[in-house]
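Please read the structure below before turning to the comments.
The values are calculated or read from the model by the stated rules, or taken from the named source; none is laboratory data. Owing to the predicted nature of the structure, the values given are computational and were not obtained by experimental measurement. Cβ sites come from the backbone with ideal geometry, for glycine too, and all protein chains shown count toward neighbours. Side chains included, ligands, DNA and RNA excluded: accessible areas come from the protein's heavy atoms. Shrake-Rupley method; radii C 1.70, N 1.55, O 1.52, S 1.80 Å.
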Amino acid sequence: MAKINILDNQTIDKIAAGEVVERPASVVKELVENAIDAGADAITVEIKDGGTSLIRVTDNGGGIENSQVENAFLRHATSKISSAEDLTKLVSLGFRGEALASIAAVSQVELVTKTPEELTGIRYLIEGGVEKEREEVGAPSGTTLLVRNLFYNTPPRKKFLKQPRTEGSYVADLMEHLAMSNPRVSFKFLLNGQNKFYTTGSGALQEIVYRIYGKDIADALTDFQFESEGMTVTGLLGKPVINRANRSYEIFYINGRYIRSTLISKAVEEGYREYLMQHKFPFCILHFQIDTEKIDVNVHPSKMEVRIADAPAFYETVRAAVEDALREREMIPKVSLSEPEKAKEKAAGGSGKRAGETAPEPFEKRRITRAHETADGVMLGQSAPDMVEMPFPEVAGQPAQAASIRAIYEKSRPAEANVLRQTAVYRTDGGKNEPKPEQMTMFDDKLLSAKAKEQYEIIGQLFDTYWLISYQDKLLIVDQHAAHEKIRYERLMRRFREKEIVSQQLNPPMIVTLNNQEAECLQSHREDFTALGFVIEEFGGSDYAIRGVPLDLYGYAEENFFYEMLDELSAETVTGTPEGIRIRIATMACKAAVKGNMRISRQEMETLIDELLTLDNPYNCPHGRPTIISMSKQELEKKFKRIV
């Protein structure tokens with residue numbers, strides 16, 4: 001019989017580290033979250049060799065008391081909770097008390113920390129979970145943690161790390177997500193001695209998006225706010241035109257914690273469903289504030305997963321909120337005839353340090369940059385030393401970029417911006433002319449409305465496929481097939497919603513065999529199947545007889561269709577019409593719609609436009625393709641060199 005061994009603490013710590021410390025990015029995440037929990041509003045992260053040789057995290061938070069330093073590296077030692085009851089009301093990012101112990105078990109850690117109340121700080125060294133040195137030192141308030149030689153004592157783990165460049169990219173991606181989760185914290189990230197990016201801590205999420213993703217993305221986002229019982233959601237929704245091929249740009253935070261959630265992803269994607277083509281995903285950044293008793297974050301040591309109480313209701317609330325927000329916006333893609341200015345785009349989209357900008361250090365008081373001359377003129381005027389640092393200095397040769405950031409800042413912090421306006425001088429041409437601040441362009445007023453239609457002028461049909469419509473200073477181009485397809489789709493969907501479904505009897509009936517879970521789902525959703533036109537009876541044992549199917553769906557491999565619906569209804573997040581029904585109806589609408597290369601009369605155009613304007617979403621066909629695009633008069637005049 002095998003002997004049962006009691007493992008020593010070092011072995012236990014290494015086993016625990018296997019879950020908590022997966023790679024350098026895991027270390028950075030835990031240390032930065034600790035800094036945020038400590039009240040820091042300025043955090044610097046530096047890594048070398050992808051984080052394998054050095055990780056430095058410096059903050060200006062509350063620090064660790066001298067007497068508590070050793071306790072901080074013990075397993076399950078934490079200042080965030082004191083009992084199991086606290087798990088239901090967590091407000092901190094960390095709480096498990098495993099991070100520092102796990103990190104110290106597989107690396108060489110140096111800690112320098114001081115609280116504001118103490119005169120001196122502590123320098124503490126621990127390697128492989130064993131204390132090496134402890135001394136009293138002079139230090140500013142806050143904490144610096146240096147993690148060297150990660151996995152030096154666990155070679156198998158180190159062997160499975162990727163190349164330093166790849167590991168560094170993981171850390172950079174994490175830092176961007178952490179910056180967006182805490183807009184009021186100033187972050188600075190250094191990679192192999194180079195300043196990759198920093199944020200000012202101004203509180204403006206748009207500013208951070210601008211620095212990370214560039215002007216084009218920032219211009220295509222709009223504010224999103226929603227409240228319901230026990231939940232508040234704020235953030236940014238992207239126009240469908242900036243969709244992506246994967247879910248990497250669906251960014252979610254719950255109570256300040258960056259998380260991954262299939263439930264939220266599906267809810268948001270369902271809200272976008274009418275606006276995106278298949279296999280395309282939206283760009284969005286959403287911050288959820290949820291009652292702590294309605295979520296469980298104690299799911300995995302990485303704290304990236306959460307469980308949400310009453311998931312179906314939560315799903316429907318988020319889906320409806322996103323859908324309603326998008327329907328309030330103009331969704332006509334704008335076509336540009338001008339060639340993109342590559343150099344300008346690159347300058348606007350860069351995420352690194354910009355000319356003339358200075359990132360505040362964690363131990364440095366925030367301040368306004370003193371005015372200094374550049375080749376492009378005076379930057380910013382001198383102001384009181386106790387003011388916040390000006391987050392939008394003029395950029396050499398890029399006044400429009402600085403104006404965009406300035407507009408974001410003034411919107412988010414109007415009181416401070418007013419003081420800054422009184423003390424700062426904005427000039428780009430020696431003071432001859434003051435540049436006009438460039439407000440970020442969001443969605444324009446709707447073009448598709450009954451009132452707007454009074455100004456439409458139908459020019460005609462192009463290539464027997466597209467309608468040309470003049471409206472004010474825009475040229476609207478309508479794809480007649482996509483527009484008619486959307487109209488027919490909405491007609492058919494209305495029949496389903498209003499339960500005007502006719503069944504097609506099957507003779508002989510179709511017999512299906514269901515397992516316990518499928519049978520339970522069928523019984524729970526019996527009314528849904530009946531409303532959709534299915535006639536189903538028990539046939540004995542685990543068999544069921546399908547004696548009727550929806551008439552409009554007759555001939556669509558009925559058995560496969562039935563199981564597709566059953567599988568979707570089994571998911572706790574399903575609401576509304578099942579996806580299988582929508583796909584089938586979309587196909588029917590497509591086949592019956594007017595095609596391209598088909599000439600139609602002006603009266604038919606007007607009739608279809610009138611009906612298109614009655615739809616909640618007239619901008620996209622059921623498959624996500626745009627029904628309408630627009631081109632401005634200015635773009636045409638640029639092409640003909642009427643304006644330059």
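Details
- Cα centroid separation, segment 206-252 to segment 172-187 (Å): 15 Å
- Gyration tensor verdict on segment 449-550 (Cα atoms; rounded if a/c is under 1.5, prolate if a/b is larger than b/c, oblate otherwise): prolate
- Computed over protein heavy atoms with a 1.4 angstrom probe, the accessible surface ordering of Glu250, Glu127, largest first, is Glu127, Glu250.
- Solvent-accessible surface (1.4 Å probe) assigned to Met631 amounts to roughly 20 Å².
- Between His279 and Gln225, the distance separating the two model label sites (each 7 Å from Cα on the Cα→Cβ line) works out to 4.0 nm.
- Leu569 - accessible surface, heavy atoms, 1.4 Å probe, Å² rounded to 10: 20 Å²
- Taking the average, over residues, of other Cβ atoms within 10 Å as the packing measure, peptides 48-56, 238-246, 477-485 rank 477-485, 48-56, 238-246 from highest down.
- Prolate/oblate/rounded label for segment 137-207 (Cα gyration tensor, a/c 1.5): oblate
- On a per residue basis, segment 126-211 carries 44 Å² of accessible surface, using protein heavy atoms and a 1.4 Å probe.
- Applying a threshold of 30 Å to the alpha-carbon distances of Lys132/Lys159; Lys196/Lys294; Lys114/Lys294; Lys114/Lys215; Lys196/Lys239 flags Lys196/Lys294; Lys114/Lys294; Lys114/Lys215 as lying beyond it.
- Most to least packed among 265-272, 515-522 [average Cβ atoms within 10 Å]: 265-272, 515-522
- Interchain or long-range residues, amide H under 5 Å from Ser186's placed H: Ala42, Ile43
- Exposure rank, largest accessible area first [Glu527, Glu457; 1.4 Å]: Glu527, Glu457
- Taking every protein chain into account, the 1.4 Å probe leaves Asp8 with about 80 Å² of accessible area, to the nearest ten.
- Segment 108-230: C-alpha gyration tensor shape, a/c 1.5 cut-off, then a/b vs b/c: oblate
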